[in-house]
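Enquirer: Just passing along the structure, written as structure tokens.
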Amino acid sequence: MTLVPRSLHGKLVAALVVLIGAIGLSYVVLALGTTRLYLEEVNQKLHRSLAANLVAENKLVSGETINHAALKQAFHNLMIVNPAIEVYLLDAEGRILTFSAPPGKVLRKRIDLDPVAAFLAGGEAFPIRGEDPRDSEGYKVFSAAPVMDGGRLAGYLYVVLGGEAYDSVVRVFQSSYILRLAAGVAAAGLILALVAGALSFIWLTRRPRRLSAAVEAFKRSDFQEPLRLKGWRPNPRGDEIDHLGLTVESMSRRMVRQIGLLRRADTARRDMVANISHDLRTPLTSLQGYLDTVLMKGGDLTREDQRRYVELALKHCHRLGQLTDELFELAKLESDKPPIQIESFSLAELAQDVAQKFRLEAEKRRISLDTEIPRDVLAVTGDIALIERVLENLIENALRYTPIGGRVCLSLVHDAGRIVARISDTGRGISREELPHIFERFYRVEKARGDASAGAGLGLAIVKRILQLHDSAIEVESEPGVGTSFRFALPVTG
Ligand code: ADP
């Protein structure tokens, strides 16, 4: 288990607590340290001339002897004024000759005279701490003055200020109402800052929280339902989180779309493999059947039957070849680099040629194949071989799905900088439900399935793809029992 909170606002509040704690602590340490120094400075400055005054007021030393009575009187007077003050008489080397503190409490015999010299030299670097005779390790602020005896330095009067009672700064605080009040106000300020900070973090992190919840919901929906952030509108003055939200929202929409496309592509791929194998198997089985019959019954069959069986086998062979050709063609058209050569050509001539190609077939089926092509049709831009394929596929279908006595018409008309080609027939038509699907790969209208003469269902897929490569589209109108009309347009060469 970890103590670090998992939510962003939790982490921010934790960081704030640590920060404010650190600030509070350093403030306390700083306040205690400076207060102590300040008190010492004030104390020392206040009593700067205390030792000098004492020396001036009392003749403490005369010759080799100490004036004990004068000293005692001075100690006594001081004790009354300030019991925290201790007075020491030192010789010229710093040795303690006598003192005012209770006997037994003084632990040092000698005082280092360097701080005393610094004190006597003056200057502003207060507080100056000297050795505390009552503590073999400690230092305290002091006042000092040289004791002269007839022009000779007899020693120093060393007055330790503050005394025992003020060693502890904590006690200083305890004893000061003002300092306690200031510390209380500072602590309250910090707590207030902490609460305000925590509240503002909660407020500031509400959008990341919403965003996170929305992303979580998106994940739960298995990336099916795009993320929705209510009221999150594009705003030029929005901050990074606003931008992030909108970006994530549009990313989720894109992901949903892409996942859908991938799923559909996957289903289509599976269907296609199933369709291809089915379409290959059917003619293959028939082909195998006819060849087996000829082989097994060989001699028993009349020449005529033999010929018929071989012809049927050949027909299925042809169908297989056509299917593989169409598959290959579609694969090429759908590749990254489709083979397309754009040039300017006469659609009128091409339409006449293609119609001519199917004339015999139409006659055989007793269908009239007409063309309505004006004389002044302008040249168009496109791949002539691919457009020829489009016209062939459409006329082939029209002839295939139109009964005897019907009519197929190929017409061209000008329309706003384009030439519109229309292939219409008086065939069986396509029902409204089937119409949207006829351009799908392997799609065949119900009646066409099982019809040996019908194609593999790739013809219109190829047509659609070729026109797509020309930035054009194929349109269809059909009425069952009346006829069908396909239409596409190509730009006039400009
Ligand atoms: P196929 O090679 O089977 O003809 P297509 O992709 O060319 O496949 O056509 C798809 C389906 O659309 C066909 O199965 C057919 O039933 C229908 N179809 C295409 N053209 C016509 C038309 N002119 N009249 C009626 N039905 C048509």
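The values are calculated or read from the model by the stated rules, or taken from the named source; none is laboratory data. Treat the numbers as computed from the prediction; the structure is a model and nothing was measured. Virtual Cβ from ideal backbone geometry, glycine too; neighbours counted across all protein chains shown. The protein model used for the area step is the full one, side chains on, heavy atoms only, and it has no ligands, DNA or RNA in it. Shrake-Rupley method; radii C 1.70, N 1.55, O 1.52, S 1.80 Å.
Enquirer: In debye, nearest 20: dipole of the chain around its Cα centre with unit charges on the Cβ of K, R (+) and D, E (-)?
Expert: So the dipole magnitude of the chain works out to roughly 1220 debye.
Enquirer: In units of 2.2 N^0.38 Å, what is the alpha-carbon radius of gyration of segment 17-65? Please report the intermediate quantities before stating the final value.
Expert: Numbers: Rg = 21.0 Å, N = 49, 2.2 N^0.38 = 9.7 Å.
The value comes to 2.17.
Enquirer: Accessible area per residue, 1.4 Å probe, Å², for segment 289-415: what's the number?
Expert: That works out to 61 Å² per residue.
Enquirer: Only Lys, Arg, Asp and Glu count, each charged at its Cβ (+1, +1, -1, -1), so figure out the dipole size of segment 343-491 about its Cα centre, rounded to 20 debye. Write down the numbers at each step before the final one.
Expert: Details: 20 positive and 23 negative charges, 97 e Å.
Dipole magnitude for segment 343-491 comes out near 460 debye.
Enquirer: Further question on the same structure: In angstroms, what radius of gyration and Dmax does segment 343-491 have, counting Cα atoms only?
Expert: 14.6, 44
Enquirer: Express in % the proportion of alpha carbon pairs of segment 1-204 at distances exceeding 30 Å.
Expert: Roughly 41 percent, rounded to a whole number.
Enquirer: Also: When you have a sec, figure out the Kirkwood radius of the chain from all distinct Cα pair distances and drop it here in Å to one decimal?
Expert: Roughly 34.5 Å, rounded to one decimal.
Enquirer: Looking at 10, 212, 145, which one has the Cα that reaches farthest to the positive end of the dipole of the chain (charges on Cβ: Lys, Arg +1; Asp, Glu -1)?
Expert: Highest projection toward the positive end goes to 10.
Enquirer: Can you give me the angle between helix 206-220 and the longest principal axis of the chain, using Cα atoms only, in degrees from 0 to 90, rounded to the nearest 10?
Expert: Its long axis makes an angle of about 40 degrees.
Enquirer: Also, quick follow-up: Percent of Cα-Cα pairs more than 17 Å apart in segment 276-333, please.
Expert: 44
Enquirer: Can I ask one more? For a quick check: with amide H placed at 1.01 Å from N, whose amide H comes under 5 Å from residue 142's, ignoring anything fewer than 5 positions away on the same chain?
Expert: Amide H neighbours of residue 142: 128, 130, 161.
Enquirer: What's the long-distance tail for segment 339-382, i.e. % of Cα pairs beyond 13 Å?
Expert: Tail fraction, whole percent: 61.
Enquirer: Turning to a different aspect of this structure: HN-Hα J couplings of segment 126-143 from phi, Karplus 6.51/-1.76/1.60, θ = phi - 60°, integer Hz, Gly and Pro as x?
Expert: Each residue's phi maps through the Karplus curve to give 7, x, 10, 9, x, 5, 8, x, 8, 9, 5, 10, x, 10, 9, 6, 8, 10 Hz.
Enquirer: Spin-label point model (7 Å from Cα, Cβ direction): what's the residue 307 to residue 378 distance in nm?
Expert: 5.6
Enquirer: Next question, about the same structure. Give the long-range amide H neighbours of residue 67: residues separated by 5 or more places, or on another chain, with amide H under 5 Å away, using H modelled in the peptide plane at 1.01 Å from N.
Expert: Amide H to amide H, under 5 Å and 5 or more residues apart or across chains, residue 67 pairs with 61, 62.
Enquirer: Per residue of segment 362-379, in order, report the coupling 6.51 cos²θ - 1.76 cosθ + 1.60 (Karplus, θ = phi - 60°) as ³J(HN,Hα) in whole Hz, putting x for Gly and Pro.
Expert: Using θ = phi - 60°, the values come out as 5, 4, 4, 8, 6, 10, 8, 10, 10, 10, 10, 10, x, 5, 9, 5, 6, 5 Hz.
Enquirer: Relative to the longest principal Cα axis of the chain, at what angle does helix 384-400 sit, 0 to 90 degrees, rounded to 10?
Expert: The helix 384-400 is inclined about 60 degrees to the chain.
Enquirer: Only sites in a loop by DSSP and with at most 13 other Cβ atoms within 10 Å count here; which trypsin sites (Lys or Arg not before Pro) in segment 51-96 make the cut?
Expert: Filter output for segment 51-96: 59.
Enquirer: Say the dipole of segment 343-491 comes from +1 at the beta carbon of Lys and Arg and -1 at that of Asp and Glu; which of 482, 379, 350 then lies farthest toward its positive end?
Expert: The Cα lying farthest towards the positive end belongs to 482.
Enquirer: Still on this structure: Mind grabbing the accessible area of residue 276 for me, 1.4 Å probe, Å², rounded to tens?
Expert: Rounded to the nearest 10, the figure is 40 Å².
Enquirer: Further question: Return one number: the angle in degrees, 0 to 90 and rounded to the nearest 10, between the long axis of the Cα atoms of helix 68-81 and the longest principal axis of the Cα atoms of the chain.
Expert: It works out to around 40 degrees.
Enquirer: Okay, moving on. At a 1.4 Å probe radius, carbon and sulfur cover how many percent of the accessible area of the chain?
Expert: That fraction is 58 percent.
Enquirer: Show me 473-481, 395-403, 41-49 ranked by packing, highest mean number of other Cβ atoms within 10 Å first.
Expert: Numbers: 473-481: 14.3, 395-403: 20.4, 41-49: 16.1.
Most protected by this proxy first, the peptides run 395-403, 41-49, 473-481.
Enquirer: Okay, moving on. Out of segment 294-394, which trypsin sites (Lys or Arg not before Pro) are coil in DSSP terms and have no more than 11 other C-beta atoms within 10 Å?
Expert: Sites meeting the loop and neighbour criteria: 366, 375.
Enquirer: Please report, in debye to the nearest 20, how large the charge dipole of segment 210-335 is about its Cα centre when each Lys and Arg carries +1 at its beta carbon and each Asp and Glu carries -1 there.
Expert: In total the dipole reaches around 520 debye.
Enquirer: Pull up all non-local amide H partners of residue 110: gap of 5 or more, or a different chain, and H-to-H distance under 5 Å with H placed in the peptide plane.
Expert: It is 96, by chain and number.
Enquirer: Find the centroid of the Cα atoms in segment 454-494 and in segment 191-263, then give the distance between the two in whole Å.
Expert: 45
Enquirer: Which of 98, 34, 191 sits closest to the plus end of the dipole of segment 1-204, meaning its Cα is farthest towards the positive end, when Lys and Arg get +1 and Asp and Glu get -1 on the C-beta?
Expert: Among 98, 34, 191, the one farthest towards the positive end of the dipole of segment 1-204 is 191.
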